Structures are given as C-alpha cells and as structure tokens.
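Just so you know, all these numbers are worked out from the coordinates, no wet-lab data involved. Since the model is a prediction, treat every value here as computed from it, not as a measurement. For neighbour counting, all protein chains shown are included, and Cβ atoms are generated from backbone atoms with ideal geometry for every residue, glycine included.
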C-alpha cells in the first residue's frame with residue numbers, strides 16, 4: 001500500500017519468569033501471527049526473553065547464556081520473516097549488564113539499544129543489576145558471534161519511517177529520550193515496558209503516551225508485561241497501546257489471561273506532513289540528527305488499502321460524543337469572545353445580520369445574542385433583517401421571524417423582489433431566465449441593504465458564511481461573501497447543525513428550541529430560485545455542489561493532513577463505505593478540487609473572523625494560496 005501507512009503491532013506474550021525457551025516459543029508464535037498479517041514492526045515488553053521480575057537471578061551467568069540461546073532461536077526463526085522484531089533482553093558486555101531492546105530482521109540483529117533511566121525507588125531495584133546506557137561510550141559489541149551496533153544513539157530508518165527506542169522509565173523522566181530522537185528524525189517511538197499496576201497509574205501512563213506522541217508528532221508503540229509476570233508483591237496487567245499524534249489507534253484489554261496482539265496502521269506520511277509545516281519542530285532537526293546513527297531497515301508496507309486497520313472518521317470536524325457538550329461550548333465561546341472584542345473595540349451601536357431561516361444565519365444570530373448578553377448590551381441592538389426574495393419559502397420565512405421574536409432582537413423586514421426587478425429592467429435582464437445573474441443579483445441586493453442599515457444605525461454587518469462554503473466558493477462575490485466580521489468563517493457545514501442543536505438544548509427556552517430544531521431539519525438552500533409548485537424549496541445546495549459531509553471530509557484531509565487526491569479518495573471509500581459508491585466520491589472530489597482552486601480569489605479578501613479549529617482558510621492565517629494556482633496536476637491524478 002502506498003500513502004505512508006505502516007502496519008505496527010504491540011504484543012503481550014505469556015511468560016514464565018526465568019524460562020527463556022518457553023518465552024521464546026510464545027514470542028515466535030506472536031511474530032508468526034504478525035507476519036501473516038503483513039505487520040512491518042512488532043514490539044514486545046521489556047526483558048520479555050527472561051521476564052522482568054527475575055531479581056538477583058540476573059546475576060546468574062546461566063540465565064544470561066540461556067537468554068542468548070533464546071535470542072539465537074528467534075534469530076534463526078526470523079530468517080523467513082519480513083517483520084522487524086523488537087524484543088527485550090538482558091545483554092552482558094564489558095563487565096556490565098544492560099537492560100536492552102534488540103532489533104531483529106531476517107536473521108540479523110540490526111542494533112541493540114540499552115535502557116537509560118534505571119528506576120531504583122519503591123518497588124524498583126534496577127541499579128542493583130543493570131548499568132545505564134548513558135554510562136558507556138561503546139558503539140559496537142560482539143553478540144552471538146556478530147559485530148552489532150550498540151548504544152542509546154541508534155535510530156532505524158528506511159527514509160520514510162524512522163523509529164527510535166526507549167524503555168519504560170525513560171518515558172517517565174522529565175526529558176524523555178524520545179524527545180531528542182524525534183527532533184533527530186524519528187517519527188515512531190517504541191517503548192518496551194514492565195510497568196506494574198497501581199490504582200490510577202494506568203490513566204497517568206496513558207496521558208504520558210498521548211502527550212509524548214503529540215509533542216513529538218510521532219507514532220508511539222507501547223508494550224508492557226502481562227499475565228505470568230506478576231509475582232511476589234507486583235501485579236502486571238498487560239498493556240499494549242498504539243498512539244499517533246495524541247490519539248490512541250488501538251489498545252489491549254488489561255487484566256487478560258490471554259496473550260494479545262494488537263495491530264494498527266500508523267500514518268507516517270501524515271506525521272511527516274505535520275512536521276514539515278511546524279517549523280518550530282523542524283528547526284531543531286539538523287543539530288539533533290548529528291547525535292544519532294542511522295541503521296538501515298527494509299520495512300515493507302501494506303499492499304491493500306481496503307484492509308486498513310485503523311478507524312477513518314467520516315466526520316473529522318464533529319466532536320466525539322463523549323466530548324460533544326464540552327467541545328460545542330468551547331467552539332461557541334470562541335465565536336462569542338471574538339465578536340465581543342470586535343464590538344468593544346469598534347464601539348458599534350448595533351449588529352446587523354441577515355436572517356434567512358437557514359442554519360448559518362441562525363448560528364450567527366445565536367452567537368450575536370450570547371455576545372450581547374455577555375457584554376450586558378440589550379438584545380434590541382441586534383438588528384435581524386429578513387429579506388424575502390423570489391425563492392423564499394413560508395417555512396424559512398416563518399422560522400426567521402419567529403426565531404427573532406423569541407430571542408428578543410429588533411426585526412426588520414425588507415422585501416427585495418421589487419428592487420431586483422428594477423435592477424433587471426435597468427440591465428435589460430429577463431427575470432424568467434434563472435441564471436447566475438438572476439441569483440447573484442439577489443445576494444448582492446441583500447448585502448447592500450445590510451451594509452446600509454449598518455451605516456444607518458452605527459453598527460456592523462455580521463457575516464454568516466461558513467468554512468465549507470468558503471472552501472467551495474459557494475458565495476456571491478461581494479454579496480453574502482462580504483461582511484464586517486464573519487463569526488462562522490472557521491465553522492464547517494457539518495459542525496454548524498451540531499452547534500445549533502447544542503445551543504437549542506442548553507441555551508434557549510422551549511419556544512426558541514422548537515424553532516431551532518426545525519431549522520436544523522430544513523434542507524440547505526440559498527433560496528435564490530422560486531419554490532416548487534408545492535411551495536417547497538426547489539434549489540438544494542447539496543444537489544448542486546455535492547454532499548457537505550463529503551466536502552468537509554475532503555477539506556480536512558486536503559488542508560489539515562496535506563494528503564494527495566488519490567489518498568483522499570481511498571480514505572473516503574473506506575469512511576463512506578455503503579453510503580457513497582466510488583464514482584460518486586470521485587465526482588464530488590473532482591468538484592471539490594476544481595472549485596477549491598478556482599475560487600481562491602474569494603478567500604483572498606475575506607473579512608476578519610475568529611479562528612476556531614485546526615483548519616482555517618483565512619488569508620491572514622492558515623492558508624496563503626495564489627488566486628491563479630493551477631489545479632491540473634490534482635485533477636489529472638483523479639482522472
């Protein structure tokens with residue numbers, strides 16, 4: 001498979017303390033399972049060959065020799081295995097014993113990495129048996145008759161994937177080695193661990209992993225001891241975790257009696273893209289890279305993206321149900337605080353907003369109301385203007401009027417049909433031809449009215465257009481495209497309805513709530529074409545430009561992840577399997593790319609508006625693109 005995905009596994013074998021052969025047999029079985037599943041790299045717990053809790057048995061030369069025999073057994077077994085194997089074992093050299101990670105592939109030891117931070121407090125006594133990797137300057141050792149790279153300065157790379165290794169306590173220190181590994185180029189960190197269970201410790205451990213993977217913009221693969229390791233005073237529950245840039249992709253079951261093998265596909269291309277544009281990360285690379293030796297690896301990738309082992313979220317802008325209330329409140333408050341500052345700074349005597357009865361203008365009105373309440377300004381200074389046109393339906397008109405009444409804002413109604421007909425007459429336009437001029441005339445007439453009312457009342461026009469419309473250029477230039485402050489400019493269409501629903505359920509009375517819930521159920525439309533014979537909306541936006549759920553998916557992966565068209569297409573096929581067929585996805589992705597490039601000129605002169613999430617198209621912030629950039633290469637790839 002292309003596109004930078006690597007299949008990674010974290011394994012928890014059953015072990016017998018100090019029974020190296022038994023442990024090797026179980027490790028080999030899990031390796032075999034992983035190889036059959038096209039795993040590129042598999043990692044095992046700390047000291048997985050011997051068991052972590054051997055205590056003073058580590059001083060027994062017999063145990064160390066049996067360890068070497070077990071490693072040799074795994075080496076021989078690995079000759080026909082493509083998967084890179086990382087196992088934990090004690091290694092003796094130069095009169096010291098080291099707690100190490102041994103990296104193996106195709107019958108060869110690629111390198112041995114010793115543990116740096118040896119805990120020697122509470123239940124831990126590692127200094128009693130082991131030396132720290134930072135206390136030796138050895139670069140190579142003889143092991144099993146071979147010259148093998150050795151040290152804390154090893155990274156393993158195939159130019160795209162680069163992984164470093166730390167062991168257990170290394171993660172818990174104030175300055176984890178993985179931080180310097182990451183700035184030297186490691187985009188995946190492997191941690192072999194033997195962390196025993198204490199009340200509350202697991203939550204703290206998981207927070208460390210998530211933070212470190214986010215801080216280092218890396219994949220973080222963690223494997224800790226499981227059943228069979230528990231002895232005397234210590235209990236090990238088995239923890240296998242795969243994280244990527246602050247998010248868990250897969251987790252094992254704790255306190256399981258069974259061996260476990262968890263697998264996930266990590267997106268190395270995504271991580272590299274994030275690092276590329278985060279210059280505070282990349283600026284440290286040149287100096288840090290000099291401190292490490294790169295070991296070449298032959299790391300295979302998956303071949304079939306349809307079998308991708310990770311969740312592809314079809315709605316990347318919508319918060320997880322667990323955090324929905326918290327995130328909606330945060331997003332809404334960002335909008336409110338941005339508008340509050342602008343109102344305070346400009347000393348505006350009013351806020352003028354066009355109310356259509358649709359989702360976007362409804363959200364903008366709710367933001368205005370909350371802002372005025374926060375600033376202790378009467379809601380009557382919000383001027384809601386409904387401007388019925390040729391396509392306005394009774395449903396949207398009534399919702400607009402009733403919502404403004406229920407919220408207590410000042411209502412102005414100005415019918416634009418007469419003014420538009422005069423305009424058609426002046427320009428010799430046939431009003432029966434419902435072309436782009438017919439539509440844009442209405443949008444610009446409405447904007448002119450709003451701007452003039454703002455001048456008339458000493459206020460400013462609040463924009464209602466959202467992020468998805470900006471991406472597609474679905475706005476009339478110098479019509480609804482323009483305002484004095486756009487509160488929805490960073491809110492994608494798929495998120496708007498969730499925000500409106502959250503406000504309806506948490507911030508309004510019963511009357512307003514019923515209206516808001518009906519607004520949510522109303523088809524998305526600019527209502528610029530006359531209604532059908534039943535008085536219903538005839539012009540539905542998603543019939544014209546495509547489903548917004550698809551476009552928001554495309555937008556997120558194009559802007560946030562910087563993915564190429566084919567990768568976006570393949571991901572969309574997975575995310576929307578059973579909802580849209582391949583041809584439909586291709587059709588609307590082509591539309592998205594074509595419109596995104598062609599409509600940049602509209603984004604180049606956007607009004608100010610609060611940045612809310614990680615995707616923004618403001619020309620002053622996240623997105624700077626020439627208006628005349630060509631989309632030919634992107635479109636040809638899709639063809």
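Rounded to the nearest 0.05, what FRET efficiency do residue 80 and residue 594 give with R0 = 51 Å and r taken as the Cβ-Cβ distance? Could you check?
0.55
Debye sum, Cα scatterers, segment 529-617, no solvent: what log₁₀ I/I(0) at q = 0.20, 0.25 1/Å?
-1.02, -1.26
Can you pull the three principal axis extents for the Cα set of segment 288-425, in Å, largest first?
That works out to 73, 39, 34 Å along the principal axes.
I'd like the orientation of helix 20-36 relative to the chain: the angle between its Cα long axis and the longest Cα principal axis, in ° from 0 to 90, rounded to 10.
30
Kindly provide the pair-distance distribution of segment 77-230 built from C-alpha pairs, with 10 Å bins from 0 and whole-percent values in order of increasing distance.
Histogramming segment 77-230 at 10 Å steps yields 10, 40, 37, 13, 1 percent.
Where the centroid of each part is defined by its Cα atoms, how far is segment 65-107 from segment 495-511 in Å?
The distance from the Cα centre of segment 65-107 to that of segment 495-511 comes to 59 Å.
Above 15 Å lies some portion of the pair distances; for segment 110-201, what is it as a whole percent of all C-alpha pairs?
The answer is 65 percent, as a whole percent.
Along the Cα-to-Cβ line of residue 122, 7 Å from the Cα, sits a label point; which residues in segment 175-203 have backbone N less than 19 Å from it?
175-176, 192-203
Need one number: nm distance between label points at residue 330 and residue 199, each 7 Å from Cα along Cα→Cβ, rounded to one decimal.
Label at residue 330, label at residue 199, 3.0 nm between them.
Taking the C-alpha atoms of segment 1-61, how large are the radius of gyration and the largest Cα-Cα span, Dmax, in Å?
Gyration radius and largest Cα-Cα distance of segment 1-61: 14.4, 48 Å.
In Å, what Rg and Dmax follow from the Cα atoms of segment 321-638?
Here Rg and the maximum Cα pair distance are 19.4, 57 Å.
Tell me, rounded to the nearest percent, the portion of alpha carbon pairs in the chain spaced more than 33 Å apart.
Result for the distance tail: 55 percent.
Percent of Cα-Cα pairs more than 16 Å apart in segment 565-639, please.
Result for the distance tail: 58 percent.
For segment 5-306, what is the per residue volume of the convex hull drawn over the alpha-carbon atoms, in cubic angstrom?
121
Taking every pair of distinct Cα atoms and averaging 1/r, then inverting, what Kirkwood hydrodynamic radius in Å comes out for segment 438-559?
16.1
Give me Rg/Rg_expected for segment 192-292, where Rg uses Cα atoms only and Rg_expected = 2.2 N^0.38 Å with N residues.
1.28
By what distance, in whole Å, do the Cα atoms of segment 487-639 stretch along each of the three principal axes, largest value first?
51, 37, 32 Å, listed from the longest principal axis down.
Among 327, 16, what is the fewest-to-most ranking by other Cβ atoms within 10 Å?
Going from least to most buried by this count: 16, 327.
Nearest 5 percent is fine: what portion of the DSSP beta bridges confined to the chain is antiparallel?
Rounded to the nearest five, the antiparallel share is 55 percent.
Given axes a ≥ b ≥ c from the Cα gyration tensor, I'd like to know whether segment 44-117 is rounded (a/c under 1.5), prolate (a/b larger than b/c) or oblate.
Prolate.
First measure r as the distance between the Cβ atoms of residue 315 and residue 32, then evaluate 1/(1 + (r/R0)^6) with R0 = 45 Å and state the FRET efficiency to the nearest 0.05.
With a Förster radius of 45 Å, E is 0.75.
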